[in-house]
Amino acid sequence: MTYLRALREQRRGIVVLLGWSVLEGVPALLSGRLVGLAVDRGFATGRPWIGVGWLLLFAAVAVLGGFGLRQVFMRLGAVVEPLRDALVRQVVRGVLHAGSQTRQPDASAVARITRHVEVVRDATAGVLVQARALLVTTTAALIGLAATVSSLAWLVILPVVAALVLFTLLLPSLARRQRNLVLADEQVASVAGTVFLGVRDVTAVTGADHALRDVGEQVDRQASATVRMAFATALRGVVIALGGFAPLVLLLLMAPGMVRAGTLTVGDVLAAVVYLSTSVQPALRRLADTTSTIVLRLVVALRRLAEAAPPIDVPAGNAAPNGSDIELRGVTFGWSPTAEPVVRSLDLVLPKGSHLAVIGPSGIGKSTLAGLITGMVEPQAGEVHFGGVPVRSVAPGQRHDRIALVPQETYLFTGTVRENLALFAPTASDAALLEAAEAVGASALITRLGGLSGTVGHSGGGLSAGEAQLLACARVHASPADVVILDEATSALDPSAEAQVEQAFATRDGTLIVIAHRLSSALRADLVLLMDGGPPLLGNHDDLLATSPLYGDLMAAWQPTPISPGH
Ligand code: ADP
Ligand code: MG
């Protein structure tokens, strides 16, 4: 799961943090022992100065522990901030991805969800500080205890361990009850809100009884959720109290006899009391009130995060394509399992170097086809292969490098012309960038912008849609992609500028797929795919003109002078 993965990335920082915790645990480890020694060797034998010496040593150890704690806090940020960044990145990516399915990324969802991320960050920090400190001090104190009163060790340690185990077992049910309580709260608010808003209508239709019953039902439900939560909390308190007090009581019951028999010294008993009362008991109490609340908050926030931004399905294979041939076999895809498929049983083979034009009315599925070829969309049936392997099994980095899609809406960002052009070719020389610009006919534009170091505004501000498209085309022309898909990428250019762009890509190495905005694109291609809702038609211009009345009609409507085969 996302959180664990993000946490794993911070492994190093967490290990360092735990390393310093060991130092923090030293005072808890030695506290009872040092106090015991101060009594046995000093105060009880009439040498108070020696006793004071041991106590001073204890003070020094406490300072050392404080230093460890300080280091823990200083290193906390190094773990928690990157964790937050990683989670936010995943959430934003998830929302954008969901948006690419529904067309509109949901900005408010990002805001809403990043609040959960904030809780997760806080609670993670809390857990790292509190739960870790509890673990360290309890373990250290128990070790110290076992070493000091070894004959009683299990008698004392067993109740503490049993309490911890029971407490852990109780946590899931606490989390469930907490969540039910939150949901019941929300339900009451929503039902009551509806009724109060419509109170006049409710009275008008004498529906008061009915409304009362509705609200009452929710209130009852909330009440029982609260009671159940209270029971669980009380049980938690009892468990913790038993773990904290039982050992102390047992110790005090056994101690007098053992001291008299000489198996324990007074200092040992005092040491055990110090361990139990200054380390173990406070730790358990803190576990009951603050720590478990933090853990519950963390669990609930993580669940809501998972519901709100489900982990996205980025195909993450590692297959190595052999060449860059594209092959679609029996590909069928509809936007939902019940919807009419937009692509149906499509067979298409494009050896490296092909030049295909896709034509058809808008909304027929041309962009969907582009998504299938790039591997962004998974076919419901059939297979899409790139270089002989399923395109979605190619490592994402390689897929992005080798298949470039230029959409109709261009993406330019604030920065220099050079940065915008080199987006997919970060190592390209200025000469290579300018050459690409020249090829697609963007040279004059770039000169006007002040050359490669000229600036482009936010979202290409200051540029016309056509100019922005030219830059986007130059950028992909300069990239190392073997397959270029222009999805109406020249829609804002005039026909002759469009012809130059297509010409530039046709003479570039690799495969070109032009999703045509104008039928003229079909004339320039070697192969034409006509999508019109029926079975897709595939052929070169002359074949289609000869065999498809529809294609002939389209051409005739577009170009009044008939085009003869062999043109
Ligand atoms: P074209 O590119 O030919 O204009 P599209 O491939 O964009 O057509 O769309 C084909 C059909 O699929 C349309 O009916 C469109 O509404 C639908 N569609 C496109 N994208 C999505 C999507 N993300 N979710 C649901 N339906 C979609
Ligand atoms: Mg489209």
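The values are calculated or read from the model by the stated rules, or taken from the named source; none is laboratory data. Since this is a predicted model, take the numbers as computed values, not measurements. FYI the Cβ positions are ideal-geometry reconstructions off the backbone, even for glycines, and counts take in every protein chain you see. Surface accessibility is based on the protein's heavy atoms, side chains included, excluding ligands, DNA and RNA. Shrake-Rupley method; radii C 1.70, N 1.55, O 1.52, S 1.80 Å.
Assorted remarks:
- Qualifying residue in the stretch 388-403 (condition: assigned by TED's automatic domain parsing to the domain that holds ARG475, within 13 Å of ligand 2 (Cβ to nearest atom) and closer than 28 Å to GLY460 by Cα): no
- Cross-chain or 6+ apart pairs with Cβ under 6 Å, the stretch 260-280 first and closer than 15 Å to PHE58 by Cα and in a helix (DSSP H, G or I), then open to solvent by less than 30 Å² (accessible area, probe 1.4 Å) and among the polar types (S, T, N, Q): ALA271/THR148; VAL274/SER31
- Scanning the stretch 10-27 for residues that are surrounded by 13 or more Cβ atoms within 10 Å (Cβ to Cβ) and within 25 Å of the chain's Cα centre (by Cα), we see that the one that is farthest from VAL129 (Cα to Cα) is GLN10.
- 2 or more residues among the hydroxyl-bearing types (Ser, Thr, Tyr) and in contact with a helix residue (DSSP H, G or I) (Cβ under 8 Å, 6 or more places away or on another chain): qualifying helices (runs of 4 or more DSSP H) within the stretch 360-452: none
- Subset of the stretch 210-232 (residues that are open to solvent by 50 Å² or more (accessible area, probe 1.4 Å) and either of a type in the set (Val, Ile, Thr) or touching a strand residue (DSSP E or B) at 6+ places or on another chain (Cβ under 8 Å) (or both)): VAL219, THR226, VAL227
- Test result for THR290, within 16 Å of ligand 1 (Cβ to nearest atom), under 30 Å from the mean Cα position of the chain (by Cα) and open to solvent by 10 Å² or more (accessible area, probe 1.4 Å): no
- Subset tally (residues that are under 12 Å from CYS473 (Cα atoms), buried (at least 22 other Cβ atoms within 10 Å of the Cβ) and of a type in the set (A, V, I, L, M, F, W, C)) for the stretch 485-513: 6
- Residues satisfying the stated conditions in the stretch 42-59, i.e. free of Cβ contacts under 8 Å to residues at least 60 places away in the same chain, farther than 28 Å from LEU134 by Cβ and surrounded by 14 or more Cβ atoms within 10 Å (Cβ to Cβ): GLY42, PHE43, ILE50, GLY51, GLY53
- Positions within the stretch 60-84 being open to solvent by 70 Å² or more (accessible area, probe 1.4 Å) and among the charged types (D, E, K, R), in sequence order: ARG70, ARG75
- Candidate set: the stretch 357-385, residues that are in contact with a Ser or Thr (Cβ under 8 Å, 6 or more places away or on another chain) and not β-branched (Val, Ile, Thr); chosen: the one surrounded by the fewest Cβ atoms within 10 Å (Cβ to Cβ): ALA381
- The sole residue among THR368, THR410 that is more than 13 Å from ligand 1 (Cβ to nearest atom) and under 28 Å from the mean Cα position of the chain (by Cα) is THR410.
- Residue satisfying all of: in the stretch 335-352; within 16 Å of ligand 2 (Cβ to nearest atom) and in a loop (DSSP other than H, G, I, E, B); least open to solvent (accessible area, probe 1.4 Å) among these: VAL342
- Check on LEU253, within 20 Å of LEU30 (Cβ to Cβ) and not β-branched (Val, Ile, Thr): no
- Some residue of the stretch 312-324 being under 25 Å from HIS541 (Cβ atoms), more than 15 Å from ligand 1 (Cβ to nearest atom) and in a loop (DSSP other than H, G, I, E, B): yes
- Residue check for ASP214: modelled with pLDDT under 85 and out of contact with any Cys (no Cβ under 9 Å at 6 or more places or on another chain): no
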